[in-house]
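Read through the structure below, which is laid out as structure tokens, and then see the notes.
The values are calculated or read from the model by the stated rules, or taken from the named source; none is laboratory data. Values in this document were obtained by computation on a predicted structure and should not be read as measured data. Note: ideal-geometry Cβ built from the backbone for every residue, glycine included; neighbour counts use all protein chains shown. Ligands, DNA and RNA are excluded from the accessible area calculation, which covers all protein heavy atoms including side chains. Shrake-Rupley method; radii C 1.70, N 1.55, O 1.52, S 1.80 Å.
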There are 2 protein chains.
Amino acid sequence: MSKPSLPKGTRDFGPADMAKRNYIFGTIKTVFEKYGFMPLETPAMESLQTLTGKYGEEGDQLIFKLLNNGDFLAKSDKEAIAAGDSKKASFSISKKALRYDLTVPFARFVVMNRSEIAMPFKRYQIQPVWRGDRPGKGRYQEFYQCDADVVGSDSLLNEADLVRIFDEVLDSLKLDGVVIKLNNRKILSGLAQWIGKEDDLTNLTISIDKLDKVGVEGVEKELTNRGFTEAEIDKVKKFLSVNGSIEDKLNWISESLNSEEAKKGVEEVREIIEKVNLTGLRAAELELDLTLARGLNYYTGAIFEVIVKDSGMGSICGGGRYDDLTGIFGWQGVSGVGISFGAERIMDIMNERELFPSDTAITTQVMFVNFGAEEEKYCVKLAAELRDKGIKTEVYPEAAKMKKQMTYANAKNISCVVMAGSNEIAIGEVRLKNMKTSQEYPISSPFINLAGSINQLLAE
Amino acid sequence: MSKPSLPKGTRDFGPADMAKRNYIFGTIKTVFEKYGFMPLETPAMESLQTLTGKYGEEGDQLIFKLLNNGDFLAKSDKEAIAAGDSKKASFSISKKALRYDLTVPFARFVVMNRSEIAMPFKRYQIQPVWRGDRPGKGRYQEFYQCDADVVGSDSLLNEADLVRIFDEVLDSLKLDGVVIKLNNRKILSGLAQWIGKEDDLTNLTISIDKLDKVGVEGVEKELTNRGFTEAEIDKVKKFLSVNGSIEDKLNWISESLNSEEAKKGVEEVREIIEKVNLTGLRAAELELDLTLARGLNYYTGAIFEVIVKDSGMGSICGGGRYDDLTGIFGWQGVSGVGISFGAERIMDIMNERELFPSDTAITTQVMFVNFGAEEEKYCVKLAAELRDKGIKTEVYPEAAKMKKQMTYANAKNISCVVMAGSNEIAIGEVRLKNMKTSQEYPISSPFINLAGSINQLLAE
């Protein structure tokens, strides 16, 4: 028999990792709910036609398709198979696929339930997604996304609230050096107008989006390859080099770009910042980054990205406004804005900086040593008392050697061990051992006193 | 554009359903952890070879296979495809599949991590599984399982704890009429010995397992079809008709079956019941049901099933001991015992009996009416104060008509609405509306007093 293994790019989450993940998800959930977002879960499987055509050519190839059950060959496209056309053939043998993100299933949900949903609809969703990317360091085929979106409201108060959520979540997780980068797609549209490339916004944003990775020369090269002239590129470079305060940057755009679209973007940025400043932020810096582009085509207004300084990590969160998300399912003109937390990267930084509180771990709090059948009976009764008081308790199930039982308690990181041998039971007491300090205390009348002593010890 | 839809047998979980499910899962998790079980999550995708051959011929056909990404036809078994052999062909175009249950991934995890796991290993796992069953009422292609298992311990204290967990979870959920049915596979083996059909235990248990659905005549027919003689069937019928108290039944078996295996089963039943009785149960009845067989082949000791009287529903939980779970992955002789809660059926019964507490719902607690840009600024600041005190708060994002805003608050089941118009703000107060009673109160110095008034109103 071959040794069992996991598919590449997937992971098990044992108790320690689960505890950490629950800590991050729990923090995110609490903040989402504080701002009026409500939970949604959609199935892992979606109809293939719900997903295809939504993520571009490249994305489509990374969607995991499910093979039809039963005799799938009977209805297969035999011509395509004979021709070796995998792509065409796949649609004849697969009707379902695994979700690729949480945004498209959310849009599908909104359209399917439009008559019952109270607008504006604020939902959050924390679920895994699947992508057939080549697995690598920090890149998985199954990973969680944590999204919050509002649809059916144009108000920029939503953008401001989402900025506050970034700040509150990351501050609650004790992450230092958080910078929330803000930009607006309308400013980028204005740039495209200014250089006379209105019809080429996609190529422009894709190129600018790479600035972080390839530098100005890289962007220059990219734009040249995509057919931009030297004069056009000079304007882009001018735009990318604008610096100074937020006001300086906004003024430069209003004056230089001479574009109504850009002016609208500038106004939106001003309004969002003004609304954020009403309460201020706890710890994060809010920065206007004109070079922030975000690859995704559907953004039309504000765009966000969050980084952590000195983490050596790219963006840990992102988001933006899209004016027509549900249009892909036939319902036009529903505007929305959403954000997403990158749980994997947040977990990596928190691990590196040791930011997880030690009491995050989920484990047994008290173990009773098992001395034999008669003593076990006494311990089972006493353990039930502790559980009734909410204490996580187990009785070691066999009268194994003491060393084995204590090794188990240590391996499981159990704080308290209770010993009730026949002598102790005879005089109506038990011994309580603090596993951190190795100190032992006798506890008399344990049915009355033990829970209290344990709670005291756990609180230390 | 075609209207979007969900694949058959799958469901979305909106806020109300999520709240109910979280309530059930939360209760189960709390009790699992109280007994020392720790969380595990495994990936949705497993290697196809991890799953195939584990669920019998029938089960194998219901496994959802994932089509290999990219040019899958290049490496396909062209002969099998030409021959129309879907089953054979599938293995050449699919390497991964969706998990079918939580038990096999758990066994895989244990074997892969055997050197790091402290035995006995107690884990729980609450995750969806996927099966290509024909969808129907209460039967889904994606559904949650909630499992707890102990491996690496033969002690029957584990069985007793699992019975206590059934009782405690279902009592916490306020389910009345819970019966925990207990039997032992060794008793069924003894029955097979007694009738001289030791090698035919599988056929025997499969037939007996159908008693609930088809009655004694049905079982008789089934056994005849499976090649049992009249004399053999008479003995089975005698066995199935044994009644009386638990002691009566156990005595009959010890005396009549004349089988060492059966006697061992009887002893185990006695010991489990004795260990359960040390603490007693909160509400459930514990019953010895000699006709309980459980279809799954891997059970070797105690078997459990839980029903709710007058629910018109089959079993809502199940479980049992298996002496060689990890053997399928090459690690022999690791005994384990586990249980599983059927969350869907529990949810159905609780819905029918209206057992969900009204405060389960996850929703905004306070909404600020939006009267315009200036008032909004004041509300945003006040809302931040409430959120800092943990109150779920939103400011309606636009100055829409009052009626629209109140309709939204009602649709979202928001308890409190705060109105701060320019007049109120000018005199330093706001109006708080209790949405249940429609009463309105003025609150002066709201930055100091509002949170307290709201908490009072929420606690009513």
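Quick notes
- Across the stretch A:12-24, computed HN-Hα scalar couplings (Karplus, 6.51 cos²θ - 1.76 cosθ + 1.60, θ = phi - 60°) run 8, 10, x, x, 5, 5, 4, 4, 5, 5, 4, 5, 5 Hz from first to last residue, x flagging Gly and Pro.
- Using heavy atoms of the protein chains and a probe of 1.4 Å, the accessible area assigned to B:Ile427 is about 120 Å².
- Note on surface exposure: A:Ser438, A:Ser335 rank A:Ser438, A:Ser335 by accessible area, highest first, 1.4 Å probe.
- Lysine pair count for the stretch B:194-270 [Cα-Cα under 18 Å; pairs on different chains or 8 or more apart]: 21
- Set of lysines with alpha-carbon distance to B:Lys54 below 19 Å, sequence-local pairs under 8 removed: A:Lys3, B:Lys65, B:Lys87, B:Lys88, B:Lys95, B:Lys96
- Tilt relative to chain A, helix A:230-240 - C-alpha long axis, 0 to 90 degrees, to 10: 40
- Label-to-label distances for B:Val179 across copies, nearest first, come out at 6.9 nm, using points 7 Å from Cα in the beta-carbon direction.
- For the stretch B:49-122 and the stretch A:56-79, distance of Cα centres in Å: 17
- Centre separation in Å (Cα based) which lies between the stretch A:345-365 and the stretch B:329-390: 24
- Carbon and sulfur %, accessible surface of the protein assembly as shown computed with the full protein complex present, 1.4 Å: 47
- From phi via Karplus (6.51, -1.76, 1.60), per-residue ³J(HN,Hα) for the stretch B:196-206 in Hz, x at Gly/Pro: x, 10, 4, 7, 10, 4, 4, 4, 5, 5, 4
- B:Ala74-A:Leu62 FRET efficiency (beta carbon distance; Förster radius 25 Å; 0.05 resolution): 0.90
- Chain B, helix-only ellipticity at 222 nm - DSSP H runs n ≥ 4, -39,500 (n - 2.57), divided by all residues, nearest 500: -13000 deg cm²/dmol
- Using alpha-carbon coordinates, inclination of helix A:402-411 to the longest axis of chain A, degrees: 20
- Heavy atoms of A:Met347 accessible to a 1.4 Å probe, total area in Å² rounded to 10: 20
- Of the trypsin sites (Lys or Arg not before Pro) found in the stretch A:259-294, those in coil by DSSP whose Cβ has at most 16 other Cβ atoms within 10 Å are A:Arg282.
- Peptide B:388-401 is shielded by partner chain Cβ atoms: per residue, an average of 5 of them sit within 10 Å of its Cβ.
- With a Förster radius of 30 Å applied to the C-beta separation of A:Asn251 and A:Asp199, the computed FRET efficiency comes to 0.60.
- Plainly put, the tip 7 Å out from Cα toward Cβ on B:Asn410 is 6.6 nm from that tip on each other copy, the closest given first.
- Qualifying aspartates and glutamates (Cα of each under 12 Å from Cα of B:Lys8; at least 8 residues distant if same chain): A:Glu46, B:Asp133, B:Glu142
- Alpha carbon centroid spacing (whole Å) that separates the stretch A:1-47 from the stretch B:395-422: 34
- Ordered by solvent-accessible area of protein heavy atoms (1.4 Å probe), largest first, the residues B:Leu286, B:Leu173 come out as B:Leu286, B:Leu173.
- The modelled label-to-label distance between A:Asp324 and A:Ala231, using points 7 Å beyond Cα along the C-beta direction, is 3.2 nm.
- Percentage relative contact order, chain B, counting C-alpha pairs under 8 Å, at least six apart: 15
- Heavy-atom SASA rank of A:Asp348, A:Asp176 (probe 1.4 Å, accessible area, largest first): A:Asp176, A:Asp348
- With one equal scatterer per alpha carbon and no solvent term, the Debye-computed log10 I(q)/I(0) for chain B at 0.07, 0.11 1/Å reads -0.52, -0.99.
- Residues in the stretch B:139-155 carry Karplus couplings, in order, of 10, 10, 8, 10, 8, 8, 10, 10, 10, 10, 9, 10, 10, x, 8, 8, 4 Hz; the curve used is 6.51 cos²θ - 1.76 cosθ + 1.60 with θ = phi - 60°, and Gly or Pro positions show x.
- Sparse-neighbour loop sites [trypsin sites (Lys or Arg not before Pro); the stretch B:93-144; at most 11 other C-beta within 10 Å; DSSP]: B:Lys137
- Relative to the longest principal axis of the Cα atoms of chain B, the long axis of helix B:185-194 lies at roughly 20 degrees.
- Legend: calculated FRET efficiency, B:Lys87 to B:Ala459, from the Cβ-Cβ distance at R0 = 60 Å, rounded to 0.05, equals 0.45.
- Other copies of B:Arg353: label-to-label distances in nm, shortest first, labels 7 Å along the beta-carbon direction: 4.8
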